[in-house]
Amino acid sequence: MHNQVTKSFDRVLHSLWFIKEIFELILGAVFYFFEAFVRLFIPHCKKDVEGEIVLVTGAANGIGKLIAKELGHHGATLVLWDINSEALDKTAKEFKQILDVRVYAYTCDCSRRSDVYKVAELTYKAFLPAMLQRNHGHLVCVASHGGLFAMNGLADYCASKSAAVSFAESIALELLVLKKEGIKTTIVCPYLINTEMFRGCQTKRPSFLPILDQRYAAKQIVDAILQEKMYLLLPSSLHFLMALKSLMPAKLGIIFMNFIGGMDLMDHFRGVPVPIISYKKPQRQRNDSVSDPQSTLIYYN
């Protein structure tokens with residue numbers, strides 16, 4: 001008799017707990033849908049990054065350089081990483097002339113763990129302990145639409161970008177579980193940007209999926225950082241494609257992808273020859289050196 005009463009009581013508690021979770025789910029859905037709707041008309045206030053230390057990888061050229069420049073205009077201290085030492089030095093000198101901020105440049109191949117150790121005595125994950133201790137920072141992953149959609153002729157590229165998106169999402173989830181609200185994450189998935197990397201690529205429906213201008217993309221990325229957006233898809237039509245991907249039958253999705261030009265995107269791709277780069281050890285800064293572990297915003301691509 002006692003066991004039956006206990007089991008019945010457990011079933012009642014389990015039912016009540018389930019009802020509570022359903023209520024929380026409905027309440028959360030209503031609240032966050034309403035918040036998203038309001039944000040269409042009233043965007044987040046932009047945070048102040050003046051004096052914050054920003055680490056930007058791939059900062060010598062292209063979109064990385066433009067993002068660093070844009071953040072410099074907002075008063076952030078810039079720590080620039082790139083494998084191309086010659087271009088990096090040129091970029092650092094340019095920034096020091098036009099920006100009223102501190103600029104530090106370090107030659108580093110972020111794909112080689114040994115180089116990352118030499119330059120900053122860290123790996124990517126090792127930036128987190130300092131951020132966790134202070135509950136302050138911002139991690140920005142600039143991936144690609146290839147991390148969300150497959151592209152003909154770019155299997156390796158899509159695989160690497162998918163991994164980058166999943167890694168960044170996992171880090172964001174871990175921070176949420178740890179209740180580290182002071183550490184923000186932003187995942188950026190742009191369509192093709194008119195850099196040398198994708199020279200020659202063409203889009204069949206430019207009004208729907210335009211190839212993005214570098215400066216426009218950089219400004220949108222920095223605005224997303226300052227507004228602490230979790231995701232940024234460029235152009236906004238990628239949101240529509242994501243919804244269709246979830247709802248469409250697979251074969252219909254392939255037909256639609258062909259319609260918008262996704263099947264022949266790389267037909268006219270000319271690419272860029274890999275430059276011969278002279279690698280040199282990172283220069284040590286003396287009295288005015290910056291401590292990379294204290295970086296409060298890390299941009300990486």
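At-a-glance table
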| quantity | calculated |
| --- | --- |
| Probe 1.4 Å - accessible area at Ser237, Å² to nearest ten | 20 |
| FRET efficiency, 1/(1 + (r/R0)^6) with R0 41 Å, evaluated for Phe167 and Glu86 via beta carbons | 0.85 |
| Förster-model FRET efficiency, 35 Å R0, Asp10 and Arg134, C-beta, rounded to 0.05 | 0.20 |
| For Arg134, solvent-accessible area (1.4 Å; no DNA, RNA or ligand), Å² | 90 |
| Rounded percent of accessible protein surface that carbon and sulfur make up, segment 125-249, 1.4 Å probe | 59 |
| Label-point gap, in nm, between His73 and His44 - each point 7 angstrom along Cα→Cβ | 2.1 |
| Highest average packing first - 167-176, 223-232, 13-22, Cβ atoms within 10 Å | 223-232, 167-176, 13-22 |
| Sorted peptide list for 211-222, 90-101, 135-146, criterion being average Cβ within 10 angstrom, highest first | 135-146, 211-222, 90-101 |
| Segment 134-252, accessible area per residue, ligands and nucleic acids excluded (1.4 Å, Å²) | 50 |
| Cβ-derived FRET efficiency at R0 35 Å, Val177 paired with Arg215, nearest 0.05 | 0.40 |
| Solvent-accessible area of Leu234 with every protein chain in place, 1.4 Å probe, in Å² to the nearest 10 | 10 |
| Å² of accessible area per residue within segment 34-78, as computed with a 1.4 Å probe and no ligands counted | 51 |
| Cα→Cβ-extended label distance, 7 Å offset, between Glu94 and Phe33, nm | 4.7 |
| Within the accessible area of segment 1-110 (1.4 Å probe), percent carbon and sulfur | 64 |
| Computed label-point distance, nm, for sites His239 and Thr123 using a 7 Å Cα→Cβ extension | 3.6 |
| Residues listed by number, segment 45-66, amide nitrogen under 20 Å from Arg102 label point at 7 Å toward C-beta | 48-57, 59 |
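The values are calculated or read from the model by the stated rules, or taken from the named source; none is laboratory data. Please read these numbers as outputs of a predicted model, since none were measured by experiment. Don't worry about glycine lacking a Cβ; one is built from the backbone with ideal geometry, like all the others, and counts go over all protein chains shown. What goes into the accessible areas is simple: the full protein's heavy atoms, side chains included, and nothing from ligands, DNA or RNA. Shrake-Rupley method; radii C 1.70, N 1.55, O 1.52, S 1.80 Å.
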